[in-house]
Structure formats: structure tokens, C-alpha cells
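Undergrad: Pasting a structure below so you can have a look.
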Amino acid sequence: MSKIVLGQNQYGKAEVRLVKITRDTKRHEIEDVTVTSQLRGDLDAVHTEGDNAHVVATDTQKNTVYAFARDGVGAIESFAMRLGKHFTGEFEWITGGRWEIEQYSWARIPVDGEGHDHSFVRSSDERRNTVVTVDGDRTWIVSGLSNMVVLKSTGSEFRGYPKDRYTTLQETSDRILATSVSARWRYLTTDVDFDKTFENVRAIMLEAFATTHSLALQQSLFQMGSAVLEAHPEIAEVKFSMPNKHHFLVDLEPFGLDNPGEVFFAADRPYGLIEATVEREDAPDAGRAWDSVPGFC
Ligand SMILES: O=c1[nH]c(=O)c2[nH]c(=O)[nH]c2[nH]1
């Protein structure tokens, strides 16, 4: 019989819900995040013997998240790195880990044409996220966004695909193109103005989606990724997962009506799922950056 040994492992507190209000002035600020903290290191004994001497409790990890938030969250990448430095610095057998943060955005409620001081409305389901991975003295940062729903009502075609006996799809030179963008990009350095870069990457993706005359969602994806890499030398690669949110033209002929691309059935499933990585050919190895970042190819 072969010897049975413990393989890769990590543990921590998942999805710590944290809301931080900054109320130094009467104009409050809100930061709303979900934090997952996972530690790696010399943790064999707890698995093989039930010896907890090295187990920084998941409850302690949760408390640390809340305690650190007392000073504010700031850029989620910086907050995640703070946590990483703390756990790997404080406990010598903790040699690395993974800190994932998702951020929800709130907008001020407009009252008399101005944003209210302390009343907010969740602006959309879109989220900003990051995964910071630490292994010894190496740190990888993968940041991204999810649920960025975009649509263009023309400027999209889909033609020239192979036809076989199962093909019923009609070619089109004018269709709706809609998707919910999930994207994650890997930074080449930890020395980044993360908030500014996030806003810029997002704006670049939106502009590329809008201005690309799309022959396929795959082409739009590649344009979006290329535009980001062209503008941001500190980013090595961008991974996308983009559902093709199909909009089918409704046949209004039974009602004696034409339908020149105006009335659509927005199907929610099934959907095409377009995934790709846009990368620099000479990018340094990704190391452990994408470990435990599911949902991308
Ligand atoms: O942009 C598209 N890419 C596809 O691969 C595809 N396949 C399909 O049926 N419609 C589309 N649209």
C-alpha cells in the first residue's frame, strides 16, 4: 500500500461581511466588503494528529479583519496585503495564504440635486474584487470585477460560422450584443495606485466594448483585454468570462406587425459562454497567482 500523505491545504474564515462607516465629518463614507482569509504553512499536525498548536483560529482571522477595519479599509488590494503581512509576520509557521475581497459600491441618494450626507443606495450588482496570494516572500495580486452588465443595440454581427445539419442560427449583420463581464487581471508589481488603476481599467474595458464593431463576442473580449494591456504595463494578463446574453428578435408577423430590430426576447438561459486570457507574450510566470481563482480558463 502506498503511503498516504497530506497534500496542499489552506484554511480560514470565508466571507466575513464588513461594513465600515467613516464619520469624521457629517459627510459619511461607506466601505462594504466581503473578506475571505485563508492561511497556509506548517499545518500538517492538525490534519494528521488533531494538534491545534499551529491553528490560528478562523474566528481569530475574522476578528482581525474587523479590528484592522477600525483604521479604514482603503483599496481592497492594500487591505488584503495588510492582512497577509500580519498573519505571515505574526506566526512564524504561517508562510503564506490567500486573501480575497469583494467590494460592493454604494452611491449617495440624490436629494435636492445633491448626494445625501449619510443615505446611500446600492448602485448596482457590479463588484470589484481582489485575490492576494502570499507564498514566502512572494506576493501575487489578481484584481477584477464581476457583474458588469453591458449592451450595445447595434454594431454587432455574427456571420461566417460553419453550417452543418444541426445549424439553425441565421447569420446577422445587426444584432444586440450583451454580456455580464467578469474579468480578473494580474499585476506585475505590488506598487500600484489600485483605486485609480481599477477605475481606469474599467473605463478602458467599457470604451473598447462600445467602440469595437463586433464580429463576435470573442473579438470584443480580445479588444477589451488588449486595450487594458496597452495602457497598463504593470498588468501581465487579463482573464475574462463573458456570457453571451442572447436577445432574440420576436416574430411580430402573426400580429400584422413588422419588427425592424426593435422588440426582443431577452433569454436568460442557455447562454453562450466566452472565456479567454489576453496576455503579454513575455509575461513572467504567474506562479501561484491563479491558485484558487475558479471560473476562468
Ligand atoms: O459572438 C458570438 N460568438 C459565438 O461563438 C457564438 N455562437 C453563437 O451561436 N452565437 C455566437 N455569438
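The values are calculated or read from the model by the stated rules, or taken from the named source; none is laboratory data. Only a predicted model underlies this, so the values are computations on that prediction, with no experimental measurement involved. Ideal geometry is used to build each Cβ from the backbone, glycine not excepted, and the neighbour counts take in all protein chains shown. These accessible areas exclude ligands, DNA and RNA; they are computed on the full protein's heavy atoms, side chains included. Shrake-Rupley method; radii C 1.70, N 1.55, O 1.52, S 1.80 Å.
Undergrad: Choose one of Gly155, Phe194, Asn129: the residue whose Cα lies farthest towards the positive end of the charge dipole of the chain (beta-carbon charges +1 Lys, Arg; -1 Asp, Glu; about the Cα centre).
TA: Farthest along the dipole direction, towards plus: Asn129.
Undergrad: Which one of Val35, Gly12, Ala45 is farthest out on the positive end of the charge dipole of the stretch 1-136, using unit charges on Cβ (Lys, Arg +1; Asp, Glu -1) and the Cα centre as origin?
TA: So the residue furthest toward the plus end is Val35.
Undergrad: Accessible area, 1.4 Å probe, largest first: how do Leu257, Leu18 sort?
TA: Leu257, Leu18
Undergrad: Could you bin all the Cα-Cα distances of the chain into 5 Å bins starting at 0 and give me the percent of pairs in each, rounded to whole numbers?
TA: Over the chain, the share of Cα pairs per 5 Å bin runs 1, 5, 10, 12, 13, 13, 12, 11, 8, 6, 4, 3, 1, 1, 0, 0 percent.
Undergrad: In square angstrom, what is the accessible area per residue of the chain with a 1.4 angstrom probe?
TA: I get 56 Å² per residue for this part.
Undergrad: Could you rank Thr197, Thr60 by how accessible they are, 1.4 Å probe, largest area first?
TA: Thr60, Thr197
Undergrad: Taking square-rooted eigenvalues a ≥ b ≥ c of the alpha carbon gyration tensor, is the stretch 41-161 rounded, prolate or oblate, where a/c under 1.5 means rounded and, failing that, a/b exceeding b/c means prolate?
TA: Taking the square roots of the gyration eigenvalues as a ≥ b ≥ c, the stretch 41-161 is oblate.
Undergrad: Expressed as a whole percentage, what fraction of the accessible surface of the chain belongs to carbon and sulfur atoms when a 1.4 Å probe is rolled over the protein heavy atoms?
TA: Reported share for carbon and sulfur atoms: 50 percent.
Undergrad: Only four residue types carry charge here, +1 at the Cβ of Lys and Arg and -1 at the Cβ of Asp and Glu. Report the dipole size of the stretch 162-238 about the Cα centre in Debye, rounded to the nearest 20.
TA: 400
Undergrad: Once every DSSP H run of n ≥ 4 in the chain is given -39500 (n - 2.57) and the sum is divided by its residues, what mean residue ellipticity at 222 nm do you get, rounded to the nearest 500 deg cm²/dmol?
TA: Computed mean residue ellipticity for the chain: -7000 deg cm²/dmol.
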